[in-house]
Amino acid sequence: MALTILILRLAVCILAFPMYLLDFLGLWNWICKQWFPYFLARFTVMYNKQMASKKRELFSNLQEFTGPSGKLSLLELGCGTGPNFKFYPSGCQVTCVDPNPNFEKFLIKSIAQNPHLQFERFIVAAGENMHQVATGSMDVVVCTLVLCSVKNQEQILQEVRRVLRPGGVFYFMEHVADKPSTWNYFWQQVLDPVWYLLFDGCNLTRESWKALEQARFSKLKLQHLQAPLSWELVRPHIYGYAVK
């Protein structure tokens, strides 16, 4: 089986040679940063339609974690185009972090469409180093479809714990690797190297639940599901929340 995966990977990589050449020349990353926000703006519309009930379920108790100020301070990590905004409660104070500055114009549009929120600022930074965000300043941190593409999940989760106040909560919804016995997992392994380049660093085979289980949160509520998505490769999901 391993040899079959290797041969198929090689064949796919040969077909994707122009992408690898551009990556070798240092051009592909720039191209991805330019076009990926446009792709994500379309993809998240479809994703929200198909995952709306799960998102409403996930964020249903956000208001319970409002801090002493009386307003919910929320940081969205890897905010993208802002597709989660409509699920946040009225009056929520939202800070956004994303390493791609090209998302800003999409965020401005999403902010205008969600006047029930109080937008604080957009920070261009990687989640592994959010030094612009004060320690213990957030009631809630949210990331959806982010842990698949970060460079260091453990460091990200350390930063999440740092910026959360005691008793604060981290909400997540992520696509992950399927069960090893499935055909879907087989194709995830075959296509992962090209998928990584094509979708700006996204990994199909990450077992993100392991990093969450090892992140030293005081409480972790995590569920696995097969999401009702059109793209079978990203149907395996985890979602839930973790309390600092």
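Given Cys148, Cys143, which one is part of a loop (DSSP other than H, G, I, E, B), open to solvent by less than 20 Å² (accessible area, probe 1.4 Å) and closer than 24 Å to Lys210 by Cβ?
Cys148
Restricting to the stretch 41-76, name every residue that is surrounded by fewer than 12 Cβ atoms within 10 Å (Cβ to Cβ) and either at positive phi or of a type in the set (Gly, Ala, Ser) (or both).
Selection gives Ser53, Ser60, Ser69, Gly70.
Output the number of the condition that Glu232 fails; it satisfies all remaining conditions of (1) open to solvent by less than 80 Å² (accessible area, probe 1.4 Å); (2) within 25 Å of Gln50 (Cα to Cα).
Tallying (1) open to solvent by less than 80 Å² (accessible area, probe 1.4 Å); (2) within 25 Å of Gln50 (Cα to Cα), Glu232 fails exactly one: (1).
Looking only at residues in the stretch 124-140 that are assigned to a strand (DSSP E or B) and within 16 Å of the chain's Cα centre (by Cα), which one is modelled with the lowest pLDDT? Even if it seems obvious, please write down each step before you answer.
In the first step, residues of the stretch 124-140 are kept if they are assigned to a strand (DSSP E or B); the result is 124, 138-140.
Next, from what is left, pick out any that are within 16 Å of the chain's Cα centre (by Cα): 124, 140.
Values: Val124: 94, Val140: 97.
For the stretch 124-140, the residue satisfying everything is Val124.
Counting residues that are among the small types (Gly, Ala, Ser), which helices (runs of 4 or more DSSP H) fully inside the stretch 1-114 reach at least 1?
Ranges flagged: 2-15, 28-58, 104-113.
Residue-wise test of (1) closer than 21 Å to Ser208 by Cβ; (2) surrounded by fewer than 19 Cβ atoms within 10 Å (Cβ to Cβ); (3) among the β-branched types (Val, Ile, Thr).
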| position | (1), (2), (3) |
| --- | --- |
| Pro115 | no, yes, no |
| Glu120 | no, yes, no |
| Gln132 | no, yes, no |
| Asp139 | no, no, no |
| Glu154 | yes, yes, no |
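The values are calculated or read from the model by the stated rules, or taken from the named source; none is laboratory data. Computed from a predicted model, the values in this text were never measured in an experiment. Positions of Cβ are generated from backbone atoms using ideal geometry, with glycine treated the same way; all protein chains shown enter the neighbour counts. Heads up: the accessible areas ignore ligands, DNA and RNA and are worked out on the full protein's heavy atoms, side chains in. Shrake-Rupley method; radii C 1.70, N 1.55, O 1.52, S 1.80 Å.
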